[in-house]
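The values are calculated or read from the model by the stated rules, or taken from the named source; none is laboratory data. Bear in mind the structure is a predicted one, so any value in this text is a computation, not a measurement. With ideal geometry, Cβ positions are generated from the backbone for all residues, glycine too; neighbour counts draw on all protein chains shown.
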């Protein structure tokens with residue numbers, strides 16, 4: 001299925017619409033200025049890519065929602081969407097408001113805009129909105145959704161500013177990607193793409209603005225905040241994106257790089273691009289939009305995608321502002337100018353990286369681009385094993401204590417269940433086999449112990465000297481990043497939050513990846529929570545190990561489906577054989593969805609059932625699921 005972009009919306013430091021934003025880019029304006037919203041007097045860097053209108057909004061929660069609403073409404077209007085009853089939302093966000101109830105923004109936005117489709121939140125730090133765009137394409141390609149609005153939102157708060165300061169990542173001047181001085185400048189904003197099948201757009205009589213060609217994901221398995229110096233992770237994401245797009249390296253005409261301006265990011269990214277594109281890398285322009293927007297955190301990927309697409313429409317490429325002189329290990333053509341450069345782009349690549357070592361790559365084509373699917377039919381999926389971990393110390397049986405130093409409860413629980421399923425499957429940790437394993441996690445909150453440590457450090461040491469270690473743990477994907485580092489997992493990694501359906505959401509997205517892509521043959525799906533403030537249920541992690549292409553496994557994942565409510569079920573995927581035993585999801589403690597999957601697997605292994613249908617048609621968010629597990633050969 002050919003997925004097209006039919007609408008775009010943005011609110012950022014250069015304007016409250018795509019038109020305003022692009023006018024600022026054309027005029028060579030920078031959105032980076034002195035921060036006035038909060039007190040930056042204790043810090044030497046005092047700059048940010050701030051949205052001026054946000055200064056008058058009374059709270060962080062309202063500011064976050066206002067940005068998201070403005071950009072999403074523009075995108076829907078731009079796409080001429082009149083019937084929103086089947087429009088799904090995939091939203092990426094990083095810190096939200098100190099990471100608490102991070103998925104509330106998605107449900108509030110869907111309710112405000114009267115969206116009747118799926119509502120999924122992706123939280124993978126600075127790759128969040130890029131992940132969201134990739135997952136939106138998957139929902140469309142599989143027929144799970146008809147129209148998806150995908151993107152992200154994040155705001156710049158004093159906590160975030162101080163955290164980056166304590167990590168030594170901020171520049172005193174507006175950031176100069178691939179140049180000097182070193183350091184990044186933080187920003188904020190919201191950006192969304194309206195994506196749909198080409199046939200749907202034609203039926204509505206809407207002209208597509210671009211073609212979404214494909215995406216790729218990876219993990220570095222290296223460090224909590226620094227990228228792998230050789231750029232192996234970003235290379236792997238780019239390679240996967242090109243394969244998903246059915247393109248070759250020489251087809252790429254332009255790259256909008258993550259380009260934060262830090263020494264570690266920029267050199268690793270360039271090395272990764274060089275490895276992925278080989279000799280072609282030095283022949284194409286590579287610029288960074290952070291030079292005029294600042295680092296939009298979880299919204300960065302979507303903001304930079306819109307920058308790229310706007311340039312494609314105007315037959316130009318955006319520049320890298322503030323460029324002074326080339327830095328070692330940097331691209332030879334970073335488009336060092338104040339204004340966009342004339343350039344016809346047929347295929348563009350957008351790259352992003354994040355805390356936890358996660359990487360994404362998106363490929364877009366002009367609206368007349370051809371698209372050929374990677375696979376014509378899905379691969380069968382089997383269940384190799386499962387695990388349930390209630391003990392934070394269980395991981396100590398497998399990993400030296402020094403490797404767990406400074407990790408939090410959620411990371412320890414998740415690492416324990418990942419170790420369990422790998423060990424039971426006989427897969428050695430940090431082996432070549434681990435390098436191609438994927439990890440999809442359903443998680444609703446950051447760990448409470450990390451939040452408390454962070455807040456205590458501010459009270460006792462003041463904001464300028466907060467705990468940098470605790471700050472790095474305030475992203476929801478931190479535990480997943482720890483697992484990648486401990487076990488050498490370098491395949492596709494993502495974290496979804498859709499309380500109370502995070503686990504089943506992760507399962508369905510992971511199953512789609514395994515069935516229809518060749519990124520990996522093995523995928524760990526897990527759900528974890530160190531606490532549940534609403535119910536007070538105990539800490540727990542549940543994990544499954546899935547394999548694609550094995551038709552001889554004793555347990556198979558036959559069908560999976562998710563929908564917003566029974567009216568919008570994808571009928572084909574919900575056709576079930578008669579005589580199935582049914583288990584209604586919702587009986588397990590912290591992660592009821594995957595807990596019921598485990599119950600089904602146990603029933604089949606114990607020969608008490610041949611096939612189990614797990615149905616969950618009601619939740620707090622009106623998300624429904626149907627999963628069928630059956631005995632294999």
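Of the set (1) touching a residue at least 60 places away in the same chain (Cβ under 8 Å); (2) in a loop (DSSP other than H, G, I, E, B), all apply to residue 36 but (1). The residues of segment 434-454 that are assigned to a helix (DSSP H, G or I) and either crowded, with 22+ Cβ neighbours inside 10 Å or within 25 Å of the chain's Cα centre (by Cα) (or both), listed by number, are 434, 435, 448, 449, 450, 451, 454. The number of residues in segment 320-355 being touching a residue at least 60 places away in the same chain (Cβ under 8 Å) and touching a strand residue (DSSP E or B) at 6+ places or on another chain (Cβ under 7 Å) comes to 14.
Scan segment 563-580 and tell me whether some residue there is within 25 Å of the chain's Cα centre (by Cα), crowded, with 22+ Cβ neighbours inside 10 Å and modelled with pLDDT of 70 or more. Taking every residue of segment 563-580 in turn, at least one turns out to be within 25 Å of the chain's Cα centre (by Cα), crowded, with 22+ Cβ neighbours inside 10 Å and modelled with pLDDT of 70 or more.
Of the candidates 127, 121, 144, the single residue that is crowded, with 22+ Cβ neighbours inside 10 Å and modelled with pLDDT under 95 is 144.
Which residues, counting only those in segment 170-187, are touching a strand residue (DSSP E or B) at 6+ places or on another chain (Cβ under 9 Å), surrounded by 24 or more Cβ atoms within 10 Å (Cβ to Cβ) and part of a loop (DSSP other than H, G, I, E, B)? Selection gives 175, 177, 178, 185. For segment 455-485, the set of residues classified as buried (at least 24 other Cβ atoms within 10 Å of the Cβ) and in a helix (DSSP H, G or I) consists of 471, 478, 479, 480, 481, 482, 483, 484, listed by residue number.
Determine whether segment 245-264 contains at least one residue that is over 24 Å from residue 326 (Cβ atoms) and under 19 Å from the mean Cα position of the chain (by Cα). Yes, there is a match, as at least one residue in segment 245-264 is over 24 Å from residue 326 (Cβ atoms) and under 19 Å from the mean Cα position of the chain (by Cα). From the residues in segment 419-428 that are crowded, with 16+ Cβ neighbours inside 10 Å and out of contact with any strand residue (DSSP E or B) (no Cβ under 6 Å at 6 or more places or on another chain), which one is farthest from residue 396 (Cα to Cα)? Among residues in segment 419-428 that are crowded, with 16+ Cβ neighbours inside 10 Å and out of contact with any strand residue (DSSP E or B) (no Cβ under 6 Å at 6 or more places or on another chain), the one farthest from residue 396 (Cα to Cα) is 427. The set of residues from segment 18-38 being within 22 Å of residue 151 (Cβ to Cβ) and surrounded by 20 or more Cβ atoms within 10 Å (Cβ to Cβ) comprises 18, 21, 22, 25, 31, 32.
Among the residues of segment 261-287, those identified as touching a helix residue (DSSP H, G or I) at 6+ places or on another chain (Cβ under 8 Å) and closer than 27 Å to residue 474 by Cβ are 261, 268, 269, 272. Of all residues in segment 12-33, exactly one satisfies the criterion of being in a strand (DSSP E or B) and either over 23 Å from residue 170 (Cβ atoms) or at pLDDT below 95 (or both), namely 15.
Selection of segment 119-146 for residues being within 30 Å of residue 53 (Cα to Cα) and over 10 Å from the mean Cα position of the chain (by Cα) yields 119, 120, 136.
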